Amino acid sequence: MILAIETSCDDTCAAVVTADGEVRSNVISSQGIHDAYGGVVPEIASRHHLERCTAVVDDALRRAGVTLDGIERIAVTQGPGLVGALLVGLCHAKALAAVRGLPLTPVDHLQGHVAANFLRIGDREPFEPPFLCLIASGGHTFLAHVADHDGFTVLGRTLDDAAGEAFDKGARLLGLPFPGGPHLQRAAQDGDPGAFAFPTAAKVAGLDLSFSGLKTALLYAVRDLGEQEARRRHADLAASYQHAIVETLAVRVERALGETGATRLAIGGGVAANGPLRERLSTLGVAVNVPPVELCTDNAAMIAAAALHRPGLPVGAHLALDAYPTGTLA
């Protein structure tokens, strides 16, 4: 069995996963304190990881019905993410691996989001490669071709903001709490998605994406309407803004399906929990796999899933590992 630890942002996560990808436990401890700041404060996130990491690991072992004696390998997120937060999880994993004499597998966070599709939960079977994959979260948005279990080829990526970041910034402009995605979706339920013609990065060629122009368009729309009118048309603004994000993603997915000839699509990352996005992608005429919501947001089970297809570093070789805030694991 693999014990995995994930601390790339503001969720302290630990999971136990078997060799065939069955999730025995998946514990996520969220730091609600960041809501007051409208976004994640890196220093506060790191300190909370320090306070919670041991308890979260113990909880994951307890829920899985195992002790450290039953763990054969440790996995941990090495990057990308908030470097201070990453270091807490990485140091914890290195210490456990050293004390218990276990191999340790460093995992790229983005590969983890892709690998969430490989997990087995209850009656849900793994979604096996090859497939096209859309990952959309608060920090990352990209389209990839997944040919096998141990990597992926990026076909297109955001040129500026991530999709989840666009949700958060748009929600803030509309006076909604952090994190913005769920609140903006609820606000949009009573609105008209065609009320405002927000941009969908139509001038960005190929499979790359852009959301900075959309955020600016919402800012101008709110300013031009005035405070009272913007409040009255709050639902229409939310619905139109959400529609623009969904269309920006869906158009690139449709292009990628046409260019690659892929007939299977997986989506992941926190934005995959968005209902209108799921509905829109279900109309593309291909098999669509969406992991359960708890596997779309940051979690340690997906890190274990990625580690299943990567070698573990022997005791001693992992002590020099360092976190990386940007880029990908070579």
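The values are calculated or read from the model by the stated rules, or taken from the named source; none is laboratory data. As the structure is a prediction and not an experimental result, all values here were calculated from the model. Quick reminder, even Gly has a Cβ in these numbers, built from the backbone with ideal geometry, and neighbours come from all protein chains shown. These accessible areas exclude ligands, DNA and RNA; they are computed on the full protein's heavy atoms, side chains included. Shrake-Rupley method; radii C 1.70, N 1.55, O 1.52, S 1.80 Å.
Numbers for the structure displayed
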read-out	value
Exposure rank, largest accessible area first [Thr158, Thr141; 1.4 Å]	Thr158, Thr141
Protein-only accessible surface order, largest first, of Arg157, Arg24, Arg73, Arg47 at 1.4 Å	Arg47, Arg157, Arg24, Arg73
Degrees between helix 83-100 axis and first principal axis of the chain (Cα, 0 to 90, nearest 10)	20 degrees
Net dipole in debye of region 70-210 [+1 Lys, Arg Cβ; -1 Asp, Glu Cβ; about Cα centre; nearest 20]	400 debye
Estimated 222 nm signal from helices in the chain, with DSSP H stretches of n ≥ 4 weighted -39500 (n - 2.57), rounded to 500	-12500 deg cm²/dmol
Cα convex hull volume per residue for region 60-112 (Å³)	85 Å³
Semi-axis lengths, Å, the chain, gyration tensor of Cα atoms, sqrt of 5 times eigenvalues	35, 22, 16
Reach of Lys169 by Cα under 28 Å, taken over lysines that are not fewer than 8 positions away in the same chain	Lys203, Lys215
Calculated diffusion of region 105-258, Stokes-Einstein form, Kirkwood radius summed over Cα pairs, 4 °C and 1.567 mPa s, µm²/s	78 µm²/s
Unit charges on C-beta of K, R, D, E only; dipole of the chain, Debye	120 debye
P(r) of region 1-141 over all Cα-Cα pairs, binned every 5 Å from zero, in whole percent	2, 10, 19, 22, 21, 15, 9, 3, 0
C-alpha long axis of helix 234-260 to longest principal axis of the chain, angle in °	60 degrees
Two-site label geometry, Thr18 and Asp322: point separation in nm, points 7 Å out along Cα→Cβ	4.0 nm
Rounded to whole Å, sorted largest first: equivalent-ellipsoid semi-axes of region 214-330, Cα gyration tensor	37, 22, 14
